[in-house]
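The values are calculated or read from the model by the stated rules, or taken from the named source; none is laboratory data. Not measured: the values here are computed from a predicted model. Cβ atoms come from the backbone with ideal geometry, glycine included; neighbour counts cover every protein chain shown.
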Amino acid sequence: MPNATPSHSKPAVEPSVAGTAGGEHAHAHHHDDASPLSPAAVEAALELADAYCSERGERLTPIRRKVFGLLLASNRATKAYTLLDEMRKVHAGSAPPTVYRALDFLLEMGLVHKIESINAFAACHDVTHCRHGLLVVCQHCGKIAEFHDDAIERALAESIARVGYAIAGDAAEIKGVCAACQARAAANGEAPTR
Ligand SMILES: [Zn+2]
Ligand SMILES: [Zn+2]
């Protein structure tokens, strides 16, 4: 399998979707909004992804499209077996390899993030502009914020280089607890999560 990540290439398509209702586009996405995307927003993002794949000589097949659509619609990190369950609602015979192959493709295209800390997958915040940033992942509900901070990213890369390493993944993943989950924990009288 080719190891090319599309992270550095910018497509010609304009970033008209990404699911956020205007504003805040340059930095934090999925801000306080982990509500499911509207079908129209999902459809628009799928069209962008479709064009993005075609430009690279790849195809967003119906299965890949469906899996990506589910991730877009959920708007948070989702486990592979949850995706499989959803797939089975539309294609009764869906088998795990089908879903995993689709996820592999989407990862390779940079459309999807693998979220290691909770072993799940999430649609990238801005579909086709994949220069992945720093990800903050709610460990309770899978909600994700992705942001770009050149100073932090540069400092991180330098520190890593100083100890003789190169970064192998495309995004730094930080474990977090989102505002909604913090509020819920507080309401339940639980101790604040570290
Ligand atoms: Zn990303
Ligand atoms: Zn949360």
| said: Looking for something outside any helix (DSSP H, G or I), out of contact with any Gly (no Cβ under 6 Å at 6 or more places or on another chain) and away from ligand 2 (no atom under 16 Å from the Cβ) - is there at least one such residue anywhere in the stretch 70-85? | reply: no
| task | Kindly indicate which of Ala73, Ala49 is among the hydrophobic types (A, V, I, L, M, F, W, C), touching a Pro at 6+ places or on another chain (Cβ under 7 Å) and either closer than 30 Å to Gly176 by Cα or at pLDDT 95 or above (or both). | result | Ala73
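Restricting to the stretch 94-134, name every residue that is outside any loop (DSSP other than H, G, I, E, B), within 13 Å of ligand 1 (Cβ to nearest atom) and modelled with pLDDT of 90 or more. Even if it seems obvious, please write down each step before you answer.
If we filter the stretch 94-134 for residues that are outside any loop (DSSP other than H, G, I, E, B), which is where we start, we get 96-108, 112-118, 120-123, 134.
Filter again for within 13 Å of ligand 1 (Cβ to nearest atom), leaving 106-107, 112-115, 121-123, 134.
Passing the criteria: Leu106, Leu107, Val112, His113, Lys114, Ile115, Phe121, Ala122, Ala123.
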| field | Candidate set: the stretch 86-120, residues that are under 25 Å from Ala168 (Cβ atoms) and in contact with a Ser or Thr (Cβ under 6 Å, 6 or more places away or on another chain); chosen: the one farthest from ligand 2 (Cβ to nearest atom) | value | Gly110
| query | Does any residue in the stretch 139-160 that is more than 16 Å from His113 (Cα to Cα) and in contact (Cβ under 8 Å) with a residue 60 or more places away in the chain come within less than 8 Å, Cβ to Cβ, of a residue that is within 16 Å of ligand 1 (Cβ to nearest atom) and part of a helix (DSSP H, G or I) six or more places away or on a different chain, and which pairs are these? | reply | none
| request: State which residue pairs qualify: first residue at positive phi and of a type outside the set (Asp, Glu) and inside the stretch 92-114, second residue more than 15 Å from ligand 1 (Cβ to nearest atom) and assigned to a helix (DSSP H, G or I) in any location, beta carbons under 9 Å apart, and separation of 6 or more residues or different chains. | output: none
| query | When the residues of the stretch 174-189 are filtered to those that are near ligand 2 (Cβ under 10 Å from one of its atoms) and assigned to a helix (DSSP H, G or I), which remaining residue is surrounded by the fewest Cβ atoms within 10 Å (Cβ to Cβ)? | reply | Ala183
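Is there a residue being closer than 23 Å to Ser54 by Cα and either within 15 Å of ligand 1 (Cβ to nearest atom) or among the small types (Gly, Ala, Ser) (or both) anywhere in the stretch 152-171?
Scanning the stretch 152-171, I find at least one residue that is closer than 23 Å to Ser54 by Cα and either within 15 Å of ligand 1 (Cβ to nearest atom) or among the small types (Gly, Ala, Ser) (or both), so the answer is yes.
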| field | Selection count, the stretch 149-173, where residues are more than 17 Å from the chain's Cα centre (by Cα) and not in a loop (DSSP other than H, G, I, E, B) | value | 13
| remark: When the stretch 115-157 is checked residue by residue, the ones that are among the aliphatic types (A, V, I, L, M) and on the phi > 0 side of the Ramachandran plot are Val127
